Each structure stands twice: as structure tokens, then as C-alpha cells.
Amino acid sequence: MNFERNSFILNVGGARYSFSEDVIKDFPLRRVSRLHNCSSEKDVLEVCDDYDQESNEYFFDRHSEAFGFIMMYVKYGKLRFVPQMCELSFYNEMIYWGLESSNLEYCCQRRLDDRMSDTYTYLSDESKPDESTNKDEVKESPEDKKWLERMRLTFEEPTSSLAAQILAVVSILFVIVSMVVLCASTLPDWKTAENRSVEEHRIIEAICIGWFTAECIVRFIVSKNKCEFVKRPLNIIDLLAITPYYVSVLMTVLTGENPQLQRAGVTLRVLRMMRIFWVIKLARHFIGLQTLGLTLKRCYREMVMLLVFICVAMAIFGALAQLLEHGLDLETKNEDYSSIPAACWWVIISMTTVGYGDMYPISVPGRILGGLCVVSGIVLLALPITFIYHSFVQCYHELKFKSARYGRTLSNEYLN
């Protein structure tokens, strides 16, 4: 059967689209681009619903209007919902063609998240239409993927294979051991134990650093884009966690063990405590921490809005509190409110309803102002939380869907 062709004709629900071979090869829709690699009729029928060899026409029994909007995304880079169409139905069409919710415009992402939250529809059901696609990818991966791609998935995706899960468990154990050693080093009895077995402590520390360094170097070598690798936040955190150890060792070698020569003792202690960044390395292996980071990244506008609300309230209530408690010529002045910056501390503690009790108003107007400050804090902090919550739910769904996709890959690898 001859599959050499110069053009492809897609028939989606009656709407026909013609593309050249070069366009199909690098087509943004994963299902369409797979047609370029089909070498038999069986491979073609696994991608589409029917195929006409004479006219070289591929039939897809899908929603034609939805595909038209998806083609607008391919052409202009903007994807929005079809009017008068269920958001979940359109999302199923997106998954079928190889798109995700992150490809939608921001307003449509919010609509999809609200719809999924209202109907309790989670991605465990939505991943079914894409199951055939992932099966094909799993079937092709042992033959087509290079060893660099396998190594990259092993180090970047803990659920992509059995080796990746083992590597993730080992990495977590090293993080836990390094954190236990770091926390134990601040105990009063640590000095005595360190004098007895200083070599053992140094060996444990060196082994943990060696593992983190080797892991970082290997991930850098197998990465596709070295510049993009350096810019990633988790990789920057890895560098911040590893570098202090080598800097402290270098400074110790240069200054020696004489305390009189160690003028950088404070710097060494600061660098040592920077190893607490190792805890953030756990974000590579836990969806919860990844969701938190992705939410903060997408909701930076809401976070800035929240900080602006707090700063404005601190300025207003701080000035009023200083005036009512100390600024007026009263018989009893509250020295805790001697300045506006001191009053701002009371404002932030009251607005967040923490209430340490280290300072509080004693006059009747000051107490009334304190009540208004607490109520205003509750209202101001609650306003942006709704937007942040919806973004958190959406990010969690996306990451869980991605993890489930790699989990299916792991299951097939284990069975094979």
C-alpha cells in the first residue's frame, strides 16, 4: 500500500481542510501530526475514524464547529470556547486533538474551572478520550525514543517509569537525611557529638551534596535547552542549595581553622542555613508543592493586589492609631504607639487576626478603631482569595492529569 502523498485532506464532521505534507509534519495538534508518521492503513485508522485512499482524505467523526475554533488557535494562537456549547464538551474535543486547558485564554480557563467545580467533574473521566493516544505513544516509545529522552523523563517525571520512581525515592531520602542533619546541628548537644564523630558528620554531608550535585549535572546534560534549564525556578533553587556547601569548604580552606582568621564566620553560618532550600526539592516529587508554585506564578496579579490592600490599610489605620493613642494631648499616652511604623505592626497583626497581645489600644476611640481594623482585614484579605482558590483548583487538575498520563505509561511498562 503506497502512502507517499504531497497533501492531506481532513474531513472533520463534514468540514474539509487541506494541508501540505510539510505543514502536517509540524502541526500543533498532536493527533493531526501523527498522520505524517503513519506507514500503513492500520496506523491511519488508529488516528482517524475512516480513510479514503483514492482521494487521500481522512475522516474524523468530531464536532466540526469546535474544530473550526481549534483551527483558529492554530492560526492565531488564541483559543476560546464555542458559543452555545458546553465547556466540558469543548474541553473533550480539545483533549481529543491533543490540547490542554492551559491552551485556553485566561477568561475561558476560569469558565472551565468553574464548570468543573460545580459539576464535580474531574480529569479521571476526561482522560479517557486521550487514552488511545497515550497507548500509541507508549507502543512507539521503545522504538522511536532516544536514550536522552528516556533519561530526561527519568529525572524530570517521577511517574514516567519504574526507574524514575526509584530515583525519586532515593532523592527524597537524601533530602530527608540532609534536613535531619541540618536541624540536629542546631541542638545544644550537637557540639559534643560533633567533636566525637566529626568525620562521620562531614561524610554524611558530603555524600548528600555529592548526590544532589550529580543529579543536577545529569539533568543539565540531558536537557534539551540548556538556557531554558538554567532559567527554571526549581533548577535555580537546586543551585542555591548546592553552592553554599562548596563556598563554605573553599572559605574554610582559604581561612584555615584558626578562629582569628575566620572573619567570614557569620557568612559561613548564613551559607550553611541556605541549605534549607533542599526542602523545596521535594516539589519535583509532590503534586501539592508543584500546585502551590504554579498557582503563585499564575496569580501574581492577585498577590500584588493583596499586598496593595494590606499596605493601604496599614498606612491608614497606622496613622489613625498613632494619633488616637499617642498623638493627642491625653493624660495617659500609650508608648507602644509612639510612631506610625510601630502602629503599623499592630495593624498587620490585627488585620491577619493573629493578635500577639504585645501591644493594644487602651483608649475608647483606639479600641473602636481596633475593631474596625480587624473587620476590614477580614474583608480585604477575603476579596482576592476567591481568584487564587479557582486558580489553585485548575493548576491541581492540570498537574494531576499530567501525572496520570505518565502513570499510565508506567503501568504499561510494568505489564510489558
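So the values come out like this:
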read-out	value
Mean-position separation - Cα centroids, region 27-72 and region 284-303, in angstrom	36
Separation in nanometres of the label points that stand 7 Å from Cα toward Cβ, at V249 and R30	4.1
Total charge dipole magnitude, region 272-314, about the Cα centre, Cβ charges on Lys, Arg, Asp, Glu only, Debye to nearest 20	300
Cα Rg over Rh - region 20-85, Kirkwood	1.00
Probe 1.4 Å - accessible area at W345, Å² to nearest ten	110
Candidates per GluC sites (Glu not before Pro) in region 271-379, loop by DSSP, up to 11 other Cβ within 10 Å	E331
Gain in span if fully extended, S18 to N56, counting 0.36 nm per residue against the direct Cα distance	12.7 nm
Trypsin sites (Lys or Arg not before Pro) restricted to region 347-404 and DSSP loop, no more than 13 other C-beta within 10 Å	none
Distance between modelled label sites at K333 and S89, nm, 7 Å Cα→Cβ extension	7.3
Phi to ³J(HN,Hα) by Karplus 6.51 cos²θ - 1.76 cosθ + 1.60 over region 340-346, Hz, x for Gly, Pro	5, x, 5, 5, 5, 4, 5
Contour excess over end-to-end distance, with Cα ends at L289 and V180 and 0.36 nm allotted per residue	37.2 nm
Neighbourhood charge, 12 Å Cβ-Cβ cut-off, centred on Y360 and excluding it, Lys, Arg +1 and Asp, Glu -1	-2
Heavy atoms of H36: accessible area, 1.4 Å probe, square angstrom to 10	50
Gain on full stretching of the segment that runs from D49 to K224 - 0.36 nm per residue minus C-alpha separation	59.5 nm
Amide H within-cut-off set for V12, under 5 Å, with H built and near neighbours excluded	Y17, F60
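The values are calculated or read from the model by the stated rules, or taken from the named source; none is laboratory data. This structure is a prediction, so every number in the text was calculated from the model and none was measured. Neighbour counts run over all protein chains shown; Cβ positions are idealised from the backbone, glycine included. Just so you know, the surface numbers come from the protein's heavy atoms only, side chains and all, with ligands and any DNA or RNA stripped out. Shrake-Rupley method; radii C 1.70, N 1.55, O 1.52, S 1.80 Å.
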